[in-house]
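Structure record follows, encoded as structure tokens.
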Amino acid sequence: MLSVAAIDTYYGQSQVLFGMALEVGAGEVVTLMGRNGMGKTTTVRSILGLTPASSGTIRFQGHDITALPSYRIAQLGIGLVPEGRQIFPNLSVRENLVATAANRTGQPEPWTLDRVNELFPRLAERAHSLGDTLSGGEQQMLAIGRALMTNPTLLVLDEATEGLAPLIRAEIWQCLENLKATGQSILVIDKNVKALTRIAQRHVIIEKGRVVWTGSSAELAANEDVQHQYLGV
């Protein structure tokens, strides 16, 4: 579904990604992990066309999206839950959700307000509240719901549970498990190894913009040296 091959990405003259590569298959949950400042968000920004790669190739469902503008990439079916949530603060919860609603890829059972509210009942309770009055956990639920309302073929979550209380984190992980059960393809960035090895099939670890380890959940759970060296666990 998604193939990132040998991409280099720069901010000005500073190179951040060096031959970055990863793949996400249909119905697969894949993680991108590493310490802060190692290039995880830059990888997401390159995939979405927000910080275009200077070399290498990014393909999505057979399309070469390396040089496409970000809005075209989104239209092809990649939904982003960005770091920091970035919800619309002056719109209500309901308005945030319907503002991006579309079914461009023709999903047979598209995401609707009712489905999102069923996934996150708290959003139904806060339907008329403005975005900037929500708690951090509610904002993250809203950011996920907003992305789902675009009916993405691939859902990308950047720092899925950063800064959230333990109970809210557990709710987000349960949400991702529910989405996985529906066959949703997901690329997730987070630091919670225990939760990620439970949910995801494969893991990619990067350091200083380079892939340093890839493997299955069983392999990562069993490899404490890798966890300590690259994740600080």
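Quick look at the numbers
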read-out	value
Selected residue (criterion: farthest from Gly183 (Cα to Cα)) from residues of the range 197-222 that are in a loop (DSSP other than H, G, I, E, B) and touching a Phe, Trp or Tyr at 6+ places or on another chain (Cβ under 8 Å)	Lys208
Which listed residue, of Leu164, Leu179, is closer than 30 Å to Leu91 by Cβ, touching a Gly at 6+ places or on another chain (Cβ under 7 Å) and of a type outside the set (Val, Ile, Thr)	Leu164
Selection within the range 125-182 - assigned to a loop (DSSP other than H, G, I, E, B), charged (D, E, K, R) and within 18 Å of Thr31 (Cα to Cα)	Asp158, Glu159, Glu162
Check on Asp132, touching a Pro at 6+ places or on another chain (Cβ under 8 Å) and buried (at least 20 other Cβ atoms within 10 Å of the Cβ)	no
Enumerated strands (runs of 3 or more DSSP E) restricted to the range 14-116, each holding at least 3 residues that are more than 27 Å from Ser135 (Cβ to Cβ)	14-24, 55-60
Every pair of residues 6+ apart whose Cβ atoms lie under 8 Å, when the first sits in the range 89-113 and is loosely packed, with under 14 Cβ neighbours inside 10 Å while the second is among the basic types (Lys, Arg)	Ala99/Arg146
Per-region count, the range 115-127, residues of a type in the set (D, E, K, R) and either under 14 Å from Asn151 (Cα atoms) or touching an Asp or Glu at 6+ places or on another chain (Cβ under 8 Å) (or both)	3
Qualifying residue in the range 7-17 (condition: surrounded by 15 or more Cβ atoms within 10 Å (Cβ to Cβ), within 25 Å of Ser217 (Cα to Cα) and in contact with an Asp or Glu (Cβ under 9 Å, 6 or more places away or on another chain))	yes
Pairs where the first residue, in the range 57-69, is without any contact (Cβ under 8 Å) to a residue 12 or more places away in the chain and the second is part of a loop (DSSP other than H, G, I, E, B) and crowded, with 18+ Cβ neighbours inside 10 Å, C-beta under 8 Å, 6+ apart	none
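Every read-out reported here was derived from the displayed coordinates using simple, explicitly stated rules and does not represent laboratory data. What you see is a predicted model; the values in this text were computed from it and never measured. For neighbour counting, all protein chains shown are included, and Cβ atoms are generated from backbone atoms with ideal geometry for every residue, glycine included.
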